[in-house]
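First up is the structure itself, then whatever we jot down about it.
The values are calculated or read from the model by the stated rules, or taken from the named source; none is laboratory data. Values in this document were obtained by computation on a predicted structure and should not be read as measured data. All Cβ positions, even for glycine, are placed from backbone atoms using ideal geometry, and neighbour counts span all protein chains on display. SASA here: full protein model, heavy atoms, side chains in, ligands and nucleic acids out. Shrake-Rupley method; radii C 1.70, N 1.55, O 1.52, S 1.80 Å.
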Amino acid sequence: MKICQVERPLVSTNRIAMMEHKLLQVVKDGSSKAVAVDAVGAKPGDWVICVGSSAAREAAGSKGYPSDLTIVGIIDHWPPETEAQEDADSQG
Amino acid sequence: MQILKVEGSLTCTSRIDGLKYSVFRVLTDLSGKKQVATDPVGAKPGNWVYVVSGSAARYAAGDFEILTDLTIGGIIDFWSDDDMKVESVV
């Protein structure tokens with residue numbers, strides 16, 4: 001599973017009907033951008049976990065849902081190296 | 001799901017039955033790599049689209065028997081070449 005950062009929602013009115021009304025997000029995966037179905041409701045700037053291949057279909061809704069990348073979780077603390085700084089902020 | 005640009009159509013009359021009635025589009029990314037995808041939405045050259053790959057592409061094509069591994073999922077409303085660049089947001 002990949003760790004990506006959500007950039008912004010993707011608007012695509014002219015899309016295949018099987019995608020229904022699920023929210024699509026533009027996610028940054030290292031140096032490339034991709035589109036993921038959002039199953040948890042992440043907001044721009046969130047660090048999230050994305051699952052691919054056949055698991056992405058079930059995570060997005062049903063076995064037949066046409067997705068090959070789905071956001072399955074929002075990470076609480078990421079990236080870790082700023083952990084100390086975050087703790088300092090929370091205590092400060 | 002990748003974001004690619006539609007370059008044009010591709011006709012392929014002699015092909016296997018498994019592809020049935022699907023329409024082909026040639027897609028490119030900014031590095032020039034070309035791929036072919038089936039198109040259930042009717043994208044035009046110059047449109048930016050997102051594509052579904054792998055086994056999900058067969059569901060996206062509308063009929064699981066269609067033997068494709070890349071299908072256009074939809075045409076993106078607001079997108080351009082410079083949206084593809086990734087600026088590092090800390």
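Exactly one condition in (1) touching a residue at least 40 places away in the same chain (Cβ under 8 Å); (2) in contact with a helix residue (DSSP H, G or I) (Cβ under 6 Å, 6 or more places away or on another chain) is not met by B:MET84; state its number.
The number of the failed condition is (2).
Of these, B:THR68, B:THR13, which one is of a type in the set (S, T, N, Q) and exposed (fewer than 15 other Cβ atoms within 10 Å of the Cβ)?
That would be B:THR13, the only listed residue that is of a type in the set (S, T, N, Q) and exposed (fewer than 15 other Cβ atoms within 10 Å of the Cβ).
Looking at B:LYS5, B:LYS20, B:LYS44 in this structure, which one is among the basic types (Lys, Arg) and in contact with a strand residue (DSSP E or B) (Cβ under 6 Å, 6 or more places away or on another chain)?
B:LYS5
Answer with yes or no whether B:ALA37 is facing another protein chain (nearest Cβ under 7 Å), open to solvent by less than 40 Å² (accessible area, probe 1.4 Å) and either under 16 Å from B:ILE3 (Cα atoms) or free of Cβ contacts under 8 Å to residues at least 60 places away in the same chain (or both).
It is false that B:ALA37 is facing another protein chain (nearest Cβ under 7 Å), open to solvent by less than 40 Å² (accessible area, probe 1.4 Å) and either under 16 Å from B:ILE3 (Cα atoms) or free of Cβ contacts under 8 Å to residues at least 60 places away in the same chain (or both).
Give all pairs with beta carbons closer than 8 Å in which a residue from segment A:15-38 that is closer than 16 Å to B:ASP29 by Cβ meets a residue that is open to solvent by 70 Å² or more (accessible area, probe 1.4 Å) and among the basic types (Lys, Arg); count only pairs at least 6 apart in sequence or on separate chains.
Close Cβ pairs (under 8 Å, with a partner that is open to solvent by 70 Å² or more (accessible area, probe 1.4 Å) and among the basic types (Lys, Arg)) amount to A:VAL26/A:ARG8; A:ASP29/A:LYS2.
Going by the conditions given, is B:TYR21 hydroxyl-bearing (Ser, Thr, Tyr) and in contact with a Gly (Cβ under 7 Å, 6 or more places away or on another chain)?
no
With the structure loaded, tell me whether B:ILE16 is β-branched (Val, Ile, Thr) and within 11 Å of another protein chain (Cβ to nearest Cβ) or whether it fails that test.
So B:ILE16 fails the test.
A quick yes/no check of all residues on (1) surrounded by 11 or more Cβ atoms within 10 Å (Cβ to Cβ); (2) more than 10 Å from chain A (Cβ to nearest Cβ); (3) out of contact with any His (no Cβ under 6 Å at 6 or more places or on another chain):
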position: B:VAL49; (1), (2), (3): yes, no, yes
position: B:ASP63; (1), (2), (3): yes, yes, yes
position: B:ASP77; (1), (2), (3): yes, no, yes
position: B:SER80; (1), (2), (3): no, yes, yes
